[in-house]
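This report refers to the structure that appears directly beneath it.
The values are calculated or read from the model by the stated rules, or taken from the named source; none is laboratory data. Since we're looking at a predicted model, the values are computed, not measured. FYI the Cβ positions are ideal-geometry reconstructions off the backbone, even for glycines, and counts take in every protein chain you see.
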Amino acid sequence: MSRDITFKYWNEISEGDVVTQITMDVPFERVILDAAATQDYFPGHHNPAYARHQGQKEIYLNTMAIEGFIDRVVTDWAGPHVFIRKRQMQMRSSIYAGDTLQGEGTVEKCYNENDQHLVDVRINISTESGLCVPAALTLELPAVRPS
Amino acid sequence: MSEIFNEPFPLAYGTYEDAVKLLNKPGKNVVAEFSVNWEMIKVYCSMVEDGNASYWDEDYANKQWGGIVAPPGLLLTWAMALQWHPEKEREHYFIAMKIPLPGDTLINVATDTEFHRHLYLGDRISVVDELIDVSEEKTTRLGVGHFLTTKAKFFNQREQLIAEQTNSLFRYYVPEGES
């Protein structure tokens, strides 16, 4: 299944623009794939008994998986020509095997700094249980669409 | 806790005072086990279903960036320790795991990363990190412990700064009877 690629340029983006929502299910398989893909074998990501010992209800995604999903929300919306300059994220609650992830956001600021064309976006990652990971990113984009 | 866990993820144990002694002392420079490679990039992208052409399409990536680049979310992965090595003792490379404290487990709380340049196929990173803050004992809904903040700098093999990351985690234990 191929996806259409969107290319947004800095001068086409405005404060208040909506960053398109995407969703992704998180079966156990994805949490295990996460541990392998990121070489992060902390047992909370693959051992349900250990996760419960930690006070968690189930094995859960690690930070790197959530980073990848946040970045995907941004680049699915604006395009593969985005350079992510900054990403700040807070893990308020865990994302468990069995959850469905939802990512969406809004544009907060468009500005120029050090000859870079920058866009600040706020991205919220939620599950059925509510907001899990709020994030703020600064993106660098080409200024205008090539003619 | 009724179940005995092997410690696949050994932590350093000690007191808050022991941890404070390690503040603002950079750890050793760690050269990553993994060089940046397309296979691990593809596995990671398949995990988050990211079809970004910068990671999959050589023609596009060559034109846009000068080559296939690594997803920013893989930054930490390149420097993760192997589960076994013929010559090295198993240890964590990141200093957050080596801070002596009472908690027997941990959870990540916040991660801020600033990226300066891309990583390309074949690049090999090195990392230096240090503990910049440790809280006094706190009680949260998960348990009792200390918040640790570390700062890491990531360089490529040409000593160019790739990224700087500030990370906070909660190192805690679940009080008896609540697990």
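For this structure, a couple of remarks:
- Being within 27 Å of B:P71 (Cβ to Cβ) and in contact (Cβ under 8 Å) with a residue 12 or more places away in the chain is a description that applies to B:D112.
- Residue within the stretch B:23-30 that is within 13 Å of chain A (Cβ to nearest Cβ) and not in a strand (DSSP E or B) present: no
- When residues of the stretch B:95-106 are limited to those that are buried (at least 19 other Cβ atoms within 10 Å of the Cβ) and more than 7 Å from chain A (Cβ to nearest Cβ), the one nearest to A:P43 (Cα to Cα): B:L106
- Residues located in the stretch B:140-162, provided they are facing chain A (nearest Cβ under 10 Å) and either at pLDDT 95 or above or in contact with a strand residue (DSSP E or B) (Cβ under 7 Å, 6 or more places away or on another chain) (or both): B:T140, B:L142, B:G143
- Qualifying residues in the stretch B:70-88 (those that are closer than 12 Å to A:I84 by Cβ and in contact with a strand residue (DSSP E or B) (Cβ under 6 Å, 6 or more places away or on another chain)) - the one nearest to the other protein chains (Cβ to nearest Cβ): B:P72
- Picking from residues in the stretch B:111-126 that are among the aliphatic types (A, V, I, L, M) and farther than 16 Å from B:F94 by Cα, the one that is farthest from the other protein chains (Cβ to nearest Cβ) is B:L121.
- Those residues of the stretch B:24-40 which are within 30 Å of B:G145 (Cα to Cα) and surrounded by fewer than 13 Cβ atoms within 10 Å (Cβ to Cβ), in sequence order: B:N24, B:K25, B:K28, B:N29
- Listed by first and then second residue, the pairs with beta-carbon distance under 9 Å, at least 6 apart or on different chains, first residue in the stretch A:48-77 and without any contact (Cβ under 8 Å) to a residue 40 or more places away in the chain and at the interface with chain B (Cβ under 7 Å from one of its Cβ atoms), second aromatic (F, W, Y) and in a helix (DSSP H, G or I), are A:M64/B:Y44; A:A65/B:Y44; A:G68/B:Y44.
- Qualifying residue in the stretch A:47-57 (condition: closer than 16 Å to A:R30 by Cβ, in a strand (DSSP E or B) and more than 10 Å from the chain's Cα centre (by Cα)): no
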